[in-house]
Amino acid sequence: MVTIRQKLVTASQAVKITNGKNNAKKYIVVHETDNTNIGADADAHARLQVNGNSRQASWHWQVDDKEAVQSFEHYWECWGAGTYIGNKQGIQVEICVNSDGNYLKAVQNAASLIAKIIKDENIALQNIVQHNYFSGKNCPRNIRAGKVPWTQFINMVKNAKNIQNPPVDTKKYRILTGTYSTLKAAESATKVMKTTFGWLVHIEQDGKNYRIKTGTFTGINAAKNAEIKIKNAKLAQVTYIKDA
């Protein structure tokens, strides 16, 4: 059972990295992110798109071992499939491969999400295709290598369990780290939080030391997950969750 939520790219940003709103929604195109960095999960890739992706690329969904996050409504023609037809007729789904995640669980979650999409959009099962189908790119790489055979993945879609919507928690939180003895150390950790996690962060001076304060997270679970990402990436030994 996969939890789904939206973190939609604004229309003003979307028009810069899509072909508009006329997606025929004939195919589901399955991708993998190829980003194995610690913390490069669904939330990080969703934030990347919201904050303005430096690549000329876009996709509708990103899925990891915990959740599926939607960046674009399905009517947008995202730049993901590598060809005009693939973009114009495809709903693009990225499976995260971050090294601190459970890849097999992420694949299961992707299957659950796709089962919902084909029902919602009335898409034929045989029109679930790999990125390779349109562009010839070796993507989704792990599935194509047999880590989860494609026939098994399609069977997972057929047998997928229901989607779960998360409880609504609108309270805002921030993460505050312990102190760093040098500005360089704080800046190094900040760079990872910005570029890999897609967070808004800034450095505060605390006497002769420095600490990092993040932007806001909605809901205590999101804040706790952010705290875990910091510790998994060994960016700070001490962290605090504070009300925003």
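The values are calculated or read from the model by the stated rules, or taken from the named source; none is laboratory data. Remember, predicted model here, so these are calculated numbers, not experimental data. Backbone-built Cβ (ideal geometry, glycine too); neighbour counts: all protein chains shown.
Within segment 45-59, the residues that satisfy the criterion of being closer than 21 Å to N138 by Cβ and modelled with pLDDT of 95 or more are H45, S58, W59. Restricted to segment 197-207, and to residues that are closer than 25 Å to A46 by Cα and exposed (fewer than 15 other Cβ atoms within 10 Å of the Cβ), which residue is modelled with the lowest pLDDT? Only one residue fits best here, namely L200.
Exactly one residue out of D64, D120, D43 is among the acidic types (D, E) and under 27 Å from G146 (Cβ atoms): that is D64. Here K194, K158 are screened, and the one residue that is over 28 Å from K116 (Cα atoms) and either in contact with a helix residue (DSSP H, G or I) (Cβ under 9 Å, 6 or more places away or on another chain) or modelled with pLDDT under 95 (or both) is K194.
Candidates L104, L113, L125: the one that is of a type outside the set (S, T, N, Q) and closer than 30 Å to K234 by Cα is L104.
Checked against the criterion of being closer than 15 Å to P140 by Cβ and either polar (S, T, N, Q) or not assigned by TED's automatic domain parsing to the domain that holds A57 (or both), segment 101-111 contains one or more residues that satisfy it. Restricting segment 208-244 to residues that are touching a strand residue (DSSP E or B) at 6+ places or on another chain (Cβ under 6 Å) and not in a strand (DSSP E or B) leaves a set whose member that is nearest to D43 (Cα to Cα) is A226.
For segment 38-53, the set of residues classified as hydrophobic (A, V, I, L, M, F, W, C), assigned to a loop (DSSP other than H, G, I, E, B) and under 18 Å from F217 (Cα atoms) consists of A40 only. Kindly check whether there is at least one residue in segment 54-67 that is under 20 Å from A14 (Cβ atoms) and in a helix (DSSP H, G or I). Looking through segment 54-67, none of the residues is under 20 Å from A14 (Cβ atoms) and in a helix (DSSP H, G or I).
Of the residues making up segment 1-28, those that are among the aliphatic types (A, V, I, L, M), surrounded by 13 or more Cβ atoms within 10 Å (Cβ to Cβ) and in contact with a strand residue (DSSP E or B) (Cβ under 6 Å, 6 or more places away or on another chain) number 3.
Among the conditions (1) among the β-branched types (V, I, T); (2) over 14 Å from the mean Cα position of the chain (by Cα); (3) surrounded by 21 or more Cβ atoms within 10 Å (Cβ to Cβ), I95 misses just one, which is (2). For segment 69-78, the criterion of being of a type in the set (S, T, Y), at pLDDT below 95, within 16 Å of the chain's Cα centre (by Cα) and outside the structural domain of K194 (by TED's automatic domain parsing) is satisfied by no residue at all.
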